[in-house]
1. Among the residues of the range B:76-91, are any free of Cβ contacts under 8 Å to residues at least 60 places away in the same chain, open to solvent by 30 Å² or more (accessible area, probe 1.4 Å) and under 16 Å from the mean Cα position of the chain (by Cα)?
2. Hey, A:V92 hits all of (1) out of contact with any Lys or Arg (no Cβ under 8 Å at 6 or more places or on another chain); (2) β-branched (V, I, T); (3) outside any loop (DSSP other than H, G, I, E, B) but one; which does it fall short on?
3. Can you tell me which residues in the range B:109-126 are open to solvent by 20 Å² or more (accessible area, probe 1.4 Å) and in a helix (DSSP H, G or I)?
4. How many residues does the range A:79-90 contain that are within 14 Å of chain B (Cβ to nearest Cβ) and open to solvent by less than 30 Å² (accessible area, probe 1.4 Å)?
5. Give me the residue from the range A:111-127 that is in a loop (DSSP other than H, G, I, E, B) and in contact (Cβ under 8 Å) with a residue 12 or more places away in the chain and, out of that set, farthest from the other protein chains (Cβ to nearest Cβ).
6. Can you go through A:G81, A:G100, A:G59, A:G64 and tell me which one is in contact with a helix residue (DSSP H, G or I) (Cβ under 9 Å, 6 or more places away or on another chain) and assigned to a loop (DSSP other than H, G, I, E, B)?
7. Considering (1) more than 23 Å from A:F37 (Cβ to Cβ); (2) crowded, with 17+ Cβ neighbours inside 10 Å; (3) within 14 Å of chain A (Cβ to nearest Cβ), say which one B:L213 fails and leave the rest.
8. Of the conditions (1) surrounded by 13 or more Cβ atoms within 10 Å (Cβ to Cβ); (2) away from chain B (no Cβ under 11 Å); (3) farther than 20 Å from B:D124 by Cα, A:P48 fails just one. Which one is it?
Amino acid sequence: MAGLRKRRRVRLIVAGLVLLAAAAALVGYAMRDGIEFFRSPSQVVEAPPPPGERFRLGGLVEEGSVVRGQGETVSFRITDGANSIAVTHVGVLPDLFAEGQGVIVTGHLRAGVFEATEVLAKHDEKYMPREVADALKEQGVYRGD
Amino acid sequence: MSLWEFANPARFMRISGAALPWVAGLAAVILPAGLAWGFFLTPDDYRQGSTVKIIFVHVPAAMMAINIYGMIVVASLIWLIRRHHVSALAARAAAPIGATMTVIALLTGALWGQPMWGTAWAWDPRLTSFFILFLFYVGYIALWAAIEDPDKAADLTSVLAMVGSVFAVLSRYAVNFWSQGLHQGATLSIDRDQNIDPVFWLPLLACIAGFFLLFLALLLVGTRTEIRARRARALQLAMAG
């Protein structure tokens, strides 16, 4: 008697978990575009957003594209290798902002230039003591900022 | 001796009582040692400077937050299938510890994000699912407190724990599902030795061990307290009846 009830409980639990997983998968599938935190330059080029839409643009800061010294304005280009978009920002940049590093900017496109109101730096999952990085750079193995 | 021996409350009290001083003592040694090692004896990171030291609290706390939730789900399943009371009480005792770990991870994450990302909070998939996990912890604790009948409370909280497991899994793997987020990928993954220098990795390992031992000690104390409270309640009912 107890064994039968236990088997029934197990069956119910398994059925519940399967349904839960299916529901979660369906929600995730339906919202896969909305869940994306930022768009890449290629996505923006392929499907240009309507004028004035605020969105996040993410990618790497193109090497040699950062122009400072225009008052508080900084301009640079964000690239994903295939396409790149010009960005201007008025204000302070985070510590990790550098050429060749990942950034996510929030703002809108105006006449092909992305006017960013917020600049976030993305950092990777790599950790290394400064001395090791310096040594690697001297040997030419590692190139970064 | 099988795992199910712990299902007997009397035996659990005996074994856990004997193990508790050792676990607590080990935690009291390893956790401060690991944190001191990480805070004072490691060099600055090549890009993040000394801000990287937050990793020694953030990563262990976040790992524990997710894994404790996993433990609650497993304990709830054992309760639902085999009806062992110790299992349900262990799940109940683990919840406040897990919720605290979640808060620690969220706070240290904000302290880390402000200087490095440029923001303390963003609605990034990983951050969002982690925040929802915290809400599930709070709801789980509240549901336990809201229902008078202990067995019914154990049943309903078990179901809630299982529903929340979606977000525990999500917050663990969100960085793999959505590459386009703000939070970086997992450092402690298969290519770990390329991600993190041993000079950071070893103290981090000590901190993770310390956090785990702290959790184990608190869990034993909490579960023992729950068993005693259950006994006291039974005695009270017997005397009143």
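The values are calculated or read from the model by the stated rules, or taken from the named source; none is laboratory data. As the structure is a computational prediction, the values presented were derived from the model and not from experiment. Reconstructed Cβ throughout: ideal geometry from the backbone, glycine too, with neighbour counts over all protein chains shown. Keep in mind that these areas ignore ligands, DNA and RNA; they rest on the heavy atoms of the full protein, side chains included. Shrake-Rupley method; radii C 1.70, N 1.55, O 1.52, S 1.80 Å.
1. Step one: list which residues in the range B:76-91 are free of Cβ contacts under 8 Å to residues at least 60 places away in the same chain, which gives B:78, B:81, B:83.
Subset that is open to solvent by 30 Å² or more (accessible area, probe 1.4 Å): B:78, B:81, B:83.
Still in the list and also under 16 Å from the mean Cα position of the chain (by Cα): none.
Among the residues of the range B:76-91, not one is free of Cβ contacts under 8 Å to residues at least 60 places away in the same chain, open to solvent by 30 Å² or more (accessible area, probe 1.4 Å) and under 16 Å from the mean Cα position of the chain (by Cα), which makes the answer no.
2. (3)
3. B:A110, B:L111, B:Q114, B:P115, B:R126
4. Total meeting the criteria: 1.
5. Going through the range A:111-127, the residues in a loop (DSSP other than H, G, I, E, B) turn out to be A:111-112, A:122-126.
From what's left, in contact (Cβ under 8 Å) with a residue 12 or more places away in the chain: A:112, A:122-124.
Numbers: A:G112: 22, A:K122: 6, A:H123: 6, A:D124: 5 Å.
Step by step, filter the range A:111-127, then rank; the result is A:G112.
6. Values: A:G100 fails: in contact with a helix residue (DSSP H, G or I) (Cβ under 9 Å, 6 or more places away or on another chain); A:G59 fails: assigned to a loop (DSSP other than H, G, I, E, B); A:G64 fails: in contact with a helix residue (DSSP H, G or I) (Cβ under 9 Å, 6 or more places away or on another chain).
The unique qualifying residue is A:G81.
7. (3)
8. Every listed condition holds for A:P48 apart from (1).
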